[in-house]
1. Here is a list of conditions, (1) open to solvent by 10 Å² or more (accessible area, probe 1.4 Å); (2) assigned to a strand (DSSP E or B); (3) more than 25 Å from THR102 (Cβ to Cβ), and TYR358 meets all of them except one; can you say which number that is?
2. Only residues in the stretch 68-86 that are closer than 17 Å to TYR388 by Cβ and open to solvent by less than 10 Å² (accessible area, probe 1.4 Å) count as the first member; pair them with residues that are aliphatic (A, V, I, L, M) and assigned to a strand (DSSP E or B), Cβ under 8 angstrom, at least 6 apart or cross-chain, and list the lot.
3. I'd like to check which strands (runs of 3 or more DSSP E) are fully inside the stretch 400-452 and have at least 3 residues that are open to solvent by less than 30 Å² (accessible area, probe 1.4 Å).
4. Just need a number here: residues in the stretch 136-186 that are open to solvent by 30 Å² or more (accessible area, probe 1.4 Å) and small (Gly, Ala, Ser).
5. Considering only the stretch 279-293, state which residues are assigned to a loop (DSSP other than H, G, I, E, B) and either β-branched (Val, Ile, Thr) or open to solvent by less than 20 Å² (accessible area, probe 1.4 Å) (or both).
6. When you check ASP258 against the structure, is it in a helix (DSSP H, G or I), open to solvent by 10 Å² or more (accessible area, probe 1.4 Å) and charged (D, E, K, R), yes or no?
7. Checking ILE382 against (1) open to solvent by 10 Å² or more (accessible area, probe 1.4 Å); (2) over 17 Å from ASN290 (Cα atoms): exactly one of these is not met. Which one?
8. Let me spell it out: the conditions are (1) more than 28 Å from PHE78 (Cα to Cα); (2) not in a strand (DSSP E or B), and ILE270 meets all of them except one. Which number is the exception?
Amino acid sequence: MGAAPFPAGILIAAVVFHATVVLSSFPATFHLERGITANYKLKLSKLKERDRVRHGRMLQSSGVGVVDFPVQGTFDPFLVGLYYTRLQLGTPPRDFYVQIDTGSDVLWVSCGSCNGCPVNSGLHIPLNFFDPGSSPTASLISCSDQRCSLGLQSSDSVCSAQNNLCGYNFQYGDGSGTSGYYVSDLLHFDTVLGGSVMNNSSAPIVFGCSALQTGDLTKSDRAVDGIFGFGQQDMSVVSQLASQGISPRAFSHCLKGDDSGGGILVLGEIVEPNIVYTPLVPSQPHYNLNMQSISVNGQTLAIDPSVFGTSSSQGTIIDSGTTLAYLAEAAYDPFISAITSIVSPSVRPYLSKGNHCYLISSSINDIFPQVSLNFAGGASMILIPQDYLIQQSSIGGAALWCIGFQKIQGQGITILGDLVLKDKIFVYDIANQRIGWANYDCSMSVNVSTAIDTGKSEFVNAGTLSNNGSPKNMPHKLTPVTMMSFLLHMLLLSCYMFL
C-alpha cells in the first residue's frame, strides 16, 4: 500500500460494538453504525500503484443465522480508500481491525514478535498483536490437521517438515507480502434468539498469525491489523462458519460512498426487490463474472466479447480490496472515447499525469452519461457518473474530474473495485454460485435472509436503535436488537491537497 501525505486536519469518529448473530424465526431489527475514518489525501498515482500491488494479492489458486460486522472506512481515495471491520479474537477477546477483502480467502492478523508489522496507524485506530500463548483457547494447526489439508488444496496453506506447522506465505507483486502460521481460536459475536441478545457467543475458526510483513504492509499511514478474506475457498471464515451451521454460505455488503463512509456487512443474503443476479464463472479462485458488453448512454460499445472471456490471463473480478476500477486494455480506449465524445461539447478534456480528466463548471450528472456493464443472464450494473469519475481538484474555478477506471497495460483483466461497488447492495451467494447487486442508499435499512441453504424465510431488518443502545418500539412488531456503540470525539479542520 502506497504512502500518503496527510492534510492539516483529521476528522475522526469510531463506533465500537460486537458482531451480531441473529438466530430466530422472528423478525429482528438492529442498527448498523457507520464510522467516520481518518481524513487525508492520497495521490491518484499512488492509488494506481497500490492497486497494482494489491492485484498481486489475489490468491491463485437450521441454526443458521446472520452475523453482522461493523464497517468503517470510505471508498474515497483522497480520504482513506479502503473499508475495514473490527473483529474480536481469542480469550479474553481482543479487538483487531482488518481490511474487508473479497479478493482473497484467508483471515490473518499481526502476531507477537512479528518482523515488520506496523505498530501504529494513520487511520487513528489502535493496532493489536495476537499472542497464541496468552489465549488459553488458542491452538496451533499442524500439517496433519484436516483443516490444513483444505488450505493446501486451494494454495492457502503450506507445510514444513521441519516443524510440522501449517503455515502460509503470500508474496505480492512488488516483493511485499506476509508469512506466518495458522492458529485456531474463538471468534466472538453476540447471538440474538427470539429478540433477546445473548452475549459472549463464539465459534472456533482457523486464521493466519502473521510473523513477517514486507513492503507496503510495513507502512503505518493506512495500517490495519490484517486482512479479512471473504473468498469462497474452504479456509475463508464464511466457509468455516457455514460448515459449523452458524451462518449460510453467503454474505452481503453495502458500502457507503459518501465521506462519512461505513456501511453494512453481513453473513447472509440481503433481500431487495431490485437485485439482479448473474452466475459466477465456475472453478475460479476469485469472484469472476461473465461480463459480455459495455453500454454508454444506451449504446453498446464496439468491443469484441472475447475481450471479457475468462481464462488464466483475463476475466472480470469483483474485489473490495481494490480502491479504483480497471478495464481490460482492449476495452479501455473505446470506453474513454465514448465518454469523451458525449461530454466534449460541455467540458474541456484535460490530461493530468496520464489520467483522462475533464474541467467542469456544472454538475457532472447533467453532463456525463449513464454506463451499463452487462453480464450473463441479462443482469446489468448501472453506473452513474460518480461510479466512474473521481474529483481531483479545481483549476481556474472549474472542477477537475478524472476517469476512475484505469487500464492494465498488456492485460485482459477487468477488476471492479470500491469505486464501482459503493452505494450498491452486493450479495455473494456462494452456495448457489451467483452474485447479485442493486443500486441502494447504504444508510438505509436492509432485510437479510438466512434461507439460502435451509429454505426458511428468516429476515433481519437493520432498523434504528436509540443512542444508548436500548430498544425502541418499532412498527410492525419488529424486535430491535440491543448493541453497544460509543462515539469518539470528532475534530474537523479543513485542508485540500491537489495533485
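1. Here TYR358 meets the rest and fails (1).
2. Partner pairs satisfying both residue conditions: PRO77/ILE390.
3. In the stretch 400-452, the matching strands (runs of 3 or more DSSP E) lie at 412-416, 424-429, 434-439.
4. Total satisfying the criteria: 9.
5. Going through the stretch 279-293, the residues assigned to a loop (DSSP other than H, G, I, E, B) turn out to be 281-287, 290.
Passing the criteria: VAL281, HIS286, TYR287.
6. Working: in a helix (DSSP H, G or I): no; open to solvent by 10 Å² or more (accessible area, probe 1.4 Å): yes; charged (D, E, K, R): yes.
So ASP258 does not fit the description; no.
7. Single failed check for ILE382: (2).
8. (2)
The values are calculated or read from the model by the stated rules, or taken from the named source; none is laboratory data. Because the structure is predicted, anything quoted here is derived from the model rather than measured. As a convention, Cβ positions derive from the backbone with ideal geometry for all residues, glycine included, and neighbour counts pool all protein chains shown. Note: areas computed on protein heavy atoms with side chains; ligands, DNA, RNA excluded. Shrake-Rupley method; radii C 1.70, N 1.55, O 1.52, S 1.80 Å.
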